[in-house]
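The next block holds one structure in the form of structure tokens; read it before the comments.
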Amino acid sequence: MNQPAPVTWKSRWTFILAATGSAVGLGNIWKFPYITGENGGGAFVLVYLACILLIGIPVMIAEIMVGRTGRSDPIHSMLALSRESGGTKVWGLVGGIGMIAGLMIMMFYSVVAGWALEYVFQSVSGNYHGADPAQIEAHFNELLTSDSQQLIWHSLFSFITATVVAAGVAKGIGKAVEILMPLLFLFLIILVGYSAINGDFSAGLHFMFDTDFSRLSGDAILIAMGHAFFTLSLGMGAIMAYGAYFPGHASIGKTVMTIAVLDTVIALLAGMAMFPLVFANGLTPGQGPGLMFVTLPVAFSNMTGGVFFGSLFFALVSIAALSSSISLIEPGVAWLEKQNINRRLSTYGLGLIAWVGGVASIHYSAVFDALDYITANIMLPLGGLLIALFVGWRLDPKRVLDETGMANGPLFSAWRFVLRFIAPFGILVVFLHSLGLFSALQALFD
Ligand code: TRP
């Protein structure tokens, strides 16, 4: 009983789909455009891309490697590898804190996913058809001030997530993702096309890609790094938990590149769909969490077949959110299952805790903001830092080489170097920078 049958995904491809399903979600379509808008555009995007490349990708390889080697939930996988390498039990804490972070993310994630569900409903009813930007904005604000409306959709989303997780991750998810992700991708391309024709495409692109570093605040760098973790589902053991189902011994490196590229391209497309509409319709790029919910209906309200496209688009966003949210509670469920607690009970128990937190973040926007800020900008980078240190410094390099399935060549050495030095150093510098340490030092020398 305590040695669960080694359930693995059918193939490396199924793993890619599931991990991409986890990575691609509200982070790409909702959060990335709005934080880019709030943080001034191009320079922020550049820092985000650098963080994906120098921190996200190396840490993701490390997480999957730990999960696949440990073949268990994050706590047990970390413990097993630590024991084997003569390390302490304290490393298990990384998995434990990660589980808590996952629940905390779920507490605001399912609220936003609830908004997306409400938008499916509104689009199907044709309520956005022919509406002007001001009406659409008013509707979004109405939704934000209605606790009861948000409660319904948040509850529905939480329930669906729990039901899928209770049924077991390895079964349904791969299949759904295989069909829906390409569809979402196609829709984003259509939206970018629409924006290119009907929006102010050049203003949108200039905003996203002109790197004006004077617009980059200290906090923006922390937010860009935090988002690199958030969007790739890193730092809390989600990808580690999925890694436990990664079949065989195939190289992890290529897989991770595929996931990271898909995730990044989808975020950039989402931004390219929205900002041209922002500038063409006199909306503000820095308006905050409402950005997607105000700009995209503007497109759907004018487009022929907009009711159909809009409904389907928000349905796809909701499903993308679902394939992410399941990975937020799966690590905790996997751990409880190891304690011989029934899977359904574990899932609905954790789901209930997250649901209660969600009710709090509906009612108090300060709770919503705090959960988002603390998880993405502090807990995930800290988790990532510890995972990088663990795999880079604690584990035996020969074992690491063997378990990543990479060839012993320059690529492996480069990865390991980045994981040992660049990623941890980068995370620390960003942390210290955001604490104001550097400006304090500068003031000292002035
Ligand atoms: N990556 C998802 C998104 O971009 C959110 C997510 C799912 C996540 N699982 C995670 C974030 C684990 C951090 C950790 O929407």
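The values are calculated or read from the model by the stated rules, or taken from the named source; none is laboratory data. It should be emphasised that the depicted structure is a prediction, and the values quoted were computed from it without experimental measurement. No Cβ is skipped: glycine too gets one built from the backbone with ideal geometry, and neighbour counts run over all protein chains shown. These area figures cover heavy atoms from the full protein model, side chains too; ligands, DNA and RNA do not enter into them. Shrake-Rupley method; radii C 1.70, N 1.55, O 1.52, S 1.80 Å.
What to note about this one:
- Qualifying helices (runs of 4 or more DSSP H) (wholly inside region 161-270; at least 3 residues being in contact with a Lys or Arg (Cβ under 8 Å, 6 or more places away or on another chain) and modelled with pLDDT of 95 or more): 218-231
- Close pairs (7 angstrom Cβ cut-off, 6 or more residues apart or separate chains): open to solvent by 10 Å² or more (accessible area, probe 1.4 Å) in region 218-238, aromatic (Phe, Trp, Tyr) anywhere: none
- Cβ separations smaller than 7 Å between residues 6+ apart or across chains give no pair from region 26-39 residues that are more than 12 Å from the ligand (Cβ to nearest atom) and open to solvent by less than 10 Å² (accessible area, probe 1.4 Å) to residues that are of a type in the set (Val, Ile, Thr) and not in a helix (DSSP H, G or I).
- Taking the conditions (1) on the phi > 0 side of the Ramachandran plot; (2) open to solvent by less than 20 Å² (accessible area, probe 1.4 Å) in turn, THR161 satisfies each one other than (1).
- The listed residue being closer than 26 Å to ILE179 by Cβ and surrounded by fewer than 21 Cβ atoms within 10 Å (Cβ to Cβ), out of SER318, SER311, SER325, SER365: SER311
- GLY42 meets the stated requirement of being within 22 Å of the chain's Cα centre (by Cα) and either open to solvent by 30 Å² or more (accessible area, probe 1.4 Å) or more than 13 Å from GLY235 (Cα to Cα) (or both).
- Flag if MET303 is open to solvent by less than 10 Å² (accessible area, probe 1.4 Å) and within 19 Å of LEU184 (Cβ to Cβ): no
- Of all the listed residues (MET257, MET208), the sole one being more than 12 Å from the ligand (Cβ to nearest atom) and either open to solvent by 10 Å² or more (accessible area, probe 1.4 Å) or at positive phi (or both) is MET257.
- Of all residues in region 138-149, none satisfies being out of contact with any Ser or Thr (no Cβ under 8 Å at 6 or more places or on another chain), away from the ligand (no atom under 14 Å from the Cβ) and on the phi > 0 side of the Ramachandran plot.
- Selection of region 295-339 for residues being among the small types (Gly, Ala, Ser) and part of a loop (DSSP other than H, G, I, E, B) yields only GLY305.
- Comparison of LEU380, LEU385 shows that the only residue that is open to solvent by less than 20 Å² (accessible area, probe 1.4 Å), free of Cβ contacts under 8 Å to residues at least 60 places away in the same chain, hydrophobic (A, V, I, L, M, F, W, C) and assigned to a helix (DSSP H, G or I) is LEU385.
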